[in-house]
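Q: What follows is a single structure, and I will ask about it in a moment.
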Amino acid sequence: MKVLGLLGLGTACGVRAEDPPPGKFDALDPEDYPYREVDELTQAEATLLAAFDVLLPSERDAEGRVIVPGANDVGTLDMLALANFVPAARQLNLLPVLPAILDRAPETFDEAVRFVLAADLDALAFDQRPFTAFRHLPRELQEAALDEGFADPERAVGLTFLRAACFLAYLGGSDSKAGLVAIGFPPFEDAAANIAVRGYPRTTDGRLVDAETEDLAALAAQGVLDDYTYNLAPAPTLGEDLATLIDANGDLL
Amino acid sequence: MFDVVIIGSGFGGAVAAARAGLFAQGSGRRVLVLDKGIDPTGRFDPLSDGPPLNEQGNRFQHSLAPDYLTELGELFTDPRGAYRSGVPSMNVVTGKGLGGGSLLYDGVSLRAPSLVFDQVRRGRRLWPAAFSRAALQPWYRVVEQQLRVHKLEWTDANVPHWQLATKRDFVFAEGCRRIGATAAPLKLATFQDANEGWWNQGQRFSGRQDLTKNYLSTAHAAGVELRTGHDVDTIAPTNDGYVVKGVDTRGGKKVEFEIECRVLIVAAGAIASSALLLRSRDHFVGERTLDRGDEDNGRAVLGQHLSSNGDYGVTGRVGADFERAVESFKGKPMSSFCPSFWPEHQFILIPFHAAPLYPALEQITTMNPPEHPNALGRGSTKVAERGDGKRARNWGADFKRQLTEFGTRSLTMGCLALDACEGEILADADRVRVQWRETSERTEERWSAAVDAMRRIYEALGGELFCDNYRKDGTVNTSHPLGGCRMADEATEGVVDPFGEAFGNRNLFVMDGAIIPSALGVNPSLTIAAVAEHLMDRLIRGDGTEALADRLA
Ligand SMILES: Cc1cc2nc3c(=O)[nH]c(=O)nc-3n(C[C@H](O)[C@H](O)[C@H](O)COP(=O)(O)OP(=O)(O)OC[C@H]3O[C@@H](n4cnc5c(N)ncnc54)[C@H](O)[C@@H]3O)c2cc1C
């Protein structure tokens with residue numbers, strides 16, 4: 001617990017039923033580190049996936065196909081991978097001293113963090129329906145649990161951490177660009193075709209235009225060209241003559 | 001025994017490698033480059049570690065995973081202040097691997113303005129007398145040719161589509177116009193790029209002209225040996241040259257190495273070169289001391305005079321009118337700048353995309369609850385009343401709406417300015433630190449004017465500036481460190497002479513950002529490379545200094 005306390009991740013853990021007995025949480029220290037074998041860890045991941053889906057839901061059609069991605073469609077769980085986090089944390093001096101166990105077993109530690117975050121969620125779930133894990137709560141009780149958690153400054157720490165992971169995964173394009181496309185940007189690349197997709201010029205209905213072969217002027221005349229570079233040259237600033245500041249090469253004089 | 005060893009392969013080291021390689025080609029002389037990072041191409045050092053080669057034939061990934069990013073970059077901080085509110089601090093991000101900073105840089109290639117070279121402190125010119133914009137012009141031209149530097153354009157009048165500024169820059173230009181300033185397109189080291197983003201993670205699809213495509217290819221073709229994973233720990237003089245000691249980390253092993261050479265060129269970047277000399281200084285005694293600062297006045301030189309190049313970044317969002325127009329995530333990370341404030345305040349403004357770098361450069365602002373004044377996305381994630389009278393949540397469907405609003409409107413801006421080199425580099429056996437002593441009044445004035453201008457731009461665009469870590473807790477963030485081993489006419493003022501040669505140490509050169517004696521106020525790579533071109537030319541020709549051939553005879 002001390003180790004996780006350094007990360008600011010551990011918060012009060014209540015009694016839980018089907019998940020590990022309370023003693024396990026206090027026993028989390030490098031000497032007593034049996035978590036790789038503990039079956040509950042995969043349950044912890046399931047709990048986090050359930051929480052991510054409440055924090056930033058996937059929207060599905062009647063057949064269950066994702067139509068608007070959510071946290072779990074953009075690799076949010078991987079944002080919690082300490083195998084990634086540890087080298088960065090060390091460089092960033094985020095932690096004053098990194099416990100040696102992080103060098104030996106970052107993946108194991110990774111699981112421990114997930115375990116504790118999930119335990120926090122289960123503690124919140126307990127208040128909604130005793131002896132029920134967060135992932136087994138009905139949706140409205142999961143939401144009520146998060147409402148309660150965000151309102152409690154101590155418990156909000158872990159939830160804010162999870163929310164930050166959603167933020168980064170969705171807008172950072174870390175694992176997948178689905179979040180960025182979902183908020184309205186054109187696709188970013190076509191790996192199969194081995195090209196980057198610049199997104200411009202395009203038509204107003206989103207079709208990519210080949211600037212080399214198509215007649216941009218004609219498309220512009222028809223009013224169907226969506227190309228900032230073609231029809232949106234910035235207006236000049238009155239009274240300022242850039243020629244007194246930069247030379248023809250584009251450098252400051 | 002090598003004839004020439006070069007430590008580091010960024011803008012200084014790559015130029016030195018190419019020029020030394022061409023000089024040595026066919027003569028039987030041996031030139032070696034050591035770099036502690038990976039070979040992103042797999043072509044130069046077949047033993048290089050690193051992520052697997054992708055279909056495009058390089059090791060780059062579109063990934064923000066920190067373990068990947070730490071293969072390409074390094075962060076130096078002041079552990080006393082880092083990430084602690086209210087404690088002034090400094091963070092420096094640098095590149096790592098064959099190509100150095102070019103592997104993740106934004107490609108901005110500006111010549112330093114004339115007045116930079118004429119700066120004076122305590123009655124003395126900061127730059128050696130031989131250096132001026134005019135003197136460097138031919139070398140700027142050479143580097144621009146090598147790096148295929150292109151001036152971007154706003155419209156597609158006469159240039160191919162890939163040579164245009166990004167959509168974000170049009171929003172910035174409009175903001176500048178509204179506050180009575182003007183934006184202009186930048187010069188970039190780019191060729192036929194497909195508006196691929198991800199420049200700070202290493203581009204998969206090419207376009208940006210990183211150093212592996214030009215100088216390092218030249219060096220390799222000329223027979224220069226390039227070794228990756230070689231982390232140099234110390235250097236020391238020998239009877240007829242230098243010995244370089246360090247650890248070869250390739251293949252997941254740690255094997256100590258010792259390499260001897262006649263001529264040694266240190267080019268590990270401003271921070272690492274200074275740190276290397278600091279770690280090695282006990283080997284350089286008496287006449288060979290590496291620091292001849294004015295001891296009577298207690299003024300050291302080595303590790304001092306570190307400039308942040310006046311970097312100052314802020315984040316904000318623009319108003320709904322510009323929704324989606326910012327498109328920050330796509331294309332070139334920097335492609336326009338505003339020079340309007342240079343004559344009065346000596347800073348330029350640049351809009352840029354750096355969101356992925358934020359966890360590294362700034363505090364993890366996304367960790368803050370949205371109500372917190374420094375929360376990234378505060379403006380768009382504030383707790384609002386919902387239509388149905390209920391309080392909007394910071395999560396769930398409301399969160400998604402907020403992310404959509406924020407993601408389409410966020411815009412990062414920064415200034416580059418002349419500072420007074422207030423930083424310092426400290427190194428002991430196992431740690432390198434940087435610190436920012438105190439911001440000088442003049443720097444403070446310039447930064448205040450710059451932040452004021454940036455705030456006005458956000459507001460003129462109907463948005464707000466909400467993330468300013470320097471104002472909040474004095475954190476200076478830079479990716480443009482300069483100095484630490486400054487070049488000077490006098491030994492008491494600098495570590496190297498105007499030829500880049502360490503005072504009192506024949507055949508020991510420093511040739512990278514560490515020798516640049518002042519802030520440049522513009523992005524520095526072009527100047528670092530132009531200075532290296534100039535120094536290598538004089539060294540090879542023996543112009544004013546002993547010719548390289550004679551040194552190796
Ligand atoms: C994200 C980012 C964006 C940038 N964008 C721009 C831009 O648009 N325009 C611009 O002009 N500048 C930009 N810069 C700055 C530019 O990259 C640097 O100014 C430039 O790379 C410095 O060149 P250098 O030769 O001094 O050192 P570097 O390029 O930093 O090269 C130093 C090399 O030495 C190696 N090294 C370090 N220590 C050791 C050691 N102990 N042993 C062996 N090898 C070692 C490193 O691996 C590295 O390859 C950017 C920097 C960053 C980080």
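The values are calculated or read from the model by the stated rules, or taken from the named source; none is laboratory data. Quantities reported herein were computed from a predicted structural model and do not represent experimental measurements. For neighbour counting, all protein chains shown are included, and Cβ atoms are generated from backbone atoms with ideal geometry for every residue, glycine included.
Q: Can you tell me which residue is farthest from the ligand (Cβ to nearest atom) among those in the range B:109-126 that are within 14 Å of chain A (Cβ to nearest Cβ) and assigned to a loop (DSSP other than H, G, I, E, B)? Before the answer, list the steps.
A: Of the range B:109-126, the ones within 14 Å of chain A (Cβ to nearest Cβ) are B:109-118.
Retained after the next criterion (residues that are assigned to a loop (DSSP other than H, G, I, E, B)): B:109-113, B:118.
Working: B:S109: 6, B:L110: 7, B:R111: 11, B:A112: 10, B:P113: 14, B:D118: 21 Å.
Checked the range B:109-126; the qualifying residue farthest from the ligand (Cβ to nearest atom) is B:D118.
Q: For the range B:427-438, name all the residues that are farther than 20 Å from B:G246 by Cβ and surrounded by fewer than 19 Cβ atoms within 10 Å (Cβ to Cβ).
A: Those that are farther than 20 Å from B:G246 by Cβ and surrounded by fewer than 19 Cβ atoms within 10 Å (Cβ to Cβ): B:R437, B:E438.
Q: Next question, about the same structure. Filter the range B:36-56 for residues that are of a type in the set (S, T, N, Q) and within 14 Å of the ligand (Cβ to nearest atom); which is nearest to B:I6 (Cα to Cα)?
A: Just the residues of the range B:36-56 that are of a type in the set (S, T, N, Q), to begin with: B:41, B:48, B:54, B:56.
Within this subset, residues satisfying the condition of being within 14 Å of the ligand (Cβ to nearest atom) are B:41, B:48.
Details: B:T41: 19, B:S48: 18 Å.
Looking at residues that are of a type in the set (S, T, N, Q) and within 14 Å of the ligand (Cβ to nearest atom), I get B:S48.
Q: Please go through the range B:71-108 and give me each residue that is within 13 Å of chain A (Cβ to nearest Cβ), at pLDDT 70 or above and either in a helix (DSSP H, G or I) or at positive phi (or both), ordered by number.
A: From the range B:71-108, those within 13 Å of chain A (Cβ to nearest Cβ) are B:71-84, B:87, B:89-94, B:96, B:108; that's our starting set.
With at pLDDT 70 or above added as a condition, the list becomes B:71-80, B:89-94, B:96, B:108.
Those that are within 13 Å of chain A (Cβ to nearest Cβ), at pLDDT 70 or above and either in a helix (DSSP H, G or I) or at positive phi (or both): B:E71, B:L72.
Q: Right, another one. Give the residues of the range B:149-159 that are over 25 Å from B:A529 (Cα atoms) and facing another protein chain (nearest Cβ under 8 Å), sorted by residue number. Even if it seems obvious, please write down each step before you answer.
A: Of all residues in the range B:149-159, those over 25 Å from B:A529 (Cα atoms) come to B:154-159.
Correct list: B:W154, B:T155, B:D156.
Q: A further question follows. If I go through the range B:518-529 residue by residue, how many of them are within 12 Å of chain A (Cβ to nearest Cβ) and at negative phi? Please lay out each step first, then the result.
A: Quick first cut of the range B:518-529, residues within 12 Å of chain A (Cβ to nearest Cβ) only: B:520-523, B:526-527.
Subsequent filtering for residues that are at negative phi retains B:520, B:522-523, B:526-527.
So the answer is 5.
Q: Take B:I265 and decide whether it is out of contact with any helix residue (DSSP H, G or I) (no Cβ under 7 Å at 6 or more places or on another chain) and among the β-branched types (V, I, T).
A: Details: out of contact with any helix residue (DSSP H, G or I) (no Cβ under 7 Å at 6 or more places or on another chain): no; among the β-branched types (V, I, T): yes.
No; evaluated as a whole, the condition is false for this residue.
Q: Now for a separate question. Checking B:N239 against (1) over 23 Å from B:F352 (Cβ atoms); (2) away from the ligand (no atom under 15 Å from the Cβ); (3) among the polar types (S, T, N, Q); (4) touching an Asp or Glu at 6+ places or on another chain (Cβ under 7 Å), only one condition comes out false. Which one?
A: That leaves (4) as the condition not met.
Q: Now, a different point. Can you find even one residue in the range B:57-74 that is within 10 Å of the ligand (Cβ to nearest atom) and of a type in the set (G, A, S)?
A: Within the range B:57-74 (the criterion being within 10 Å of the ligand (Cβ to nearest atom) and of a type in the set (G, A, S)), the answer is yes, since at least one residue qualifies.
Q: Identify all residues within the range B:472-495 that are within 14 Å of B:G303 (Cα to Cα) and surrounded by fewer than 22 Cβ atoms within 10 Å (Cβ to Cβ); write none if there are none.
A: To start, the set of residues in the range B:472-495 that are within 14 Å of B:G303 (Cα to Cα) comprises B:481-487, B:492-495.
Correct list: B:T492 only.
Q: Return yes or no: is B:S518 closer than 29 Å to B:L72 by Cα, of a type in the set (S, T, N, Q), surrounded by 18 or more Cβ atoms within 10 Å (Cβ to Cβ) and more than 11 Å from the ligand (Cβ to nearest atom)? Step through it out loud before you land on a result.
A: On the way: closer than 29 Å to B:L72 by Cα: yes; of a type in the set (S, T, N, Q): yes; surrounded by 18 or more Cβ atoms within 10 Å (Cβ to Cβ): yes; more than 11 Å from the ligand (Cβ to nearest atom): yes.
Judged against the criteria, B:S518 is a match.
Q: Exactly one condition in (1) away from chain A (no Cβ under 14 Å); (2) within 16 Å of the ligand (Cβ to nearest atom); (3) touching a helix residue (DSSP H, G or I) at 6+ places or on another chain (Cβ under 6 Å); (4) under 30 Å from B:G175 (Cβ atoms) is false for B:L465; which is it?
A: (2)
Q: Taking the options B:V33, B:V15, B:V5, name whichever one is part of a helix (DSSP H, G or I), buried (at least 22 other Cβ atoms within 10 Å of the Cβ), more than 14 Å from chain A (Cβ to nearest Cβ) and within 14 Å of the ligand (Cβ to nearest atom). Show your work before the answer.
A: Values: B:V33 fails: part of a helix (DSSP H, G or I); B:V5 fails: part of a helix (DSSP H, G or I).
Answer to the selection: B:V15.
Q: Follow-up question, since we're still on this one. Could you please let me know if B:W154 is under 25 Å from the mean Cα position of the chain (by Cα) and of a type outside the set (D, E, K, R)? Spell out how you get there, then give the answer.
A: Working: under 25 Å from the mean Cα position of the chain (by Cα): no; of a type outside the set (D, E, K, R): yes.
Judged against the criteria, B:W154 is not a match.
Q: Exactly one of these conditions fails for B:A549: (1) within 16 Å of the ligand (Cβ to nearest atom); (2) farther than 27 Å from B:G123 by Cβ; (3) more than 14 Å from every other protein chain (Cβ to nearest Cβ); (4) of a type in the set (A, V, I, L, M, F, W, C). Give me its number.
A: (1) is the only condition that B:A549 fails.
Q: Of the residues that make up the range B:261-278, is at least one charged (D, E, K, R), more than 14 Å from every other protein chain (Cβ to nearest Cβ), in contact (Cβ under 8 Å) with a residue 60 or more places away in the chain and at negative phi?
A: Just the residues of the range B:261-278 that are charged (D, E, K, R), to begin with: B:262.
From the residues that got through so far, the ones that are more than 14 Å from every other protein chain (Cβ to nearest Cβ) too are B:262.
Those left that are additionally in contact (Cβ under 8 Å) with a residue 60 or more places away in the chain: B:262.
Imposing the further condition that a residue be at negative phi reduces the set to B:262.
Yes, the conditions are met somewhere in the range B:261-278.
Residue by residue, here is whether (1) more than 27 Å from B:Y470 (Cβ to Cβ); (2) buried (at least 18 other Cβ atoms within 10 Å of the Cβ) holds:
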| site | (1), (2) |
| --- | --- |
| B:V263 | yes, yes |
| B:A320 | yes, no |
| B:S335 | no, yes |
| B:E344 | no, no |
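Q: Of all residues in the range B:166-202 being facing chain A (nearest Cβ under 8 Å) and in contact with an Asp or Glu (Cβ under 8 Å, 6 or more places away or on another chain), which is farthest from the ligand (Cβ to nearest atom)?
A: B:G180
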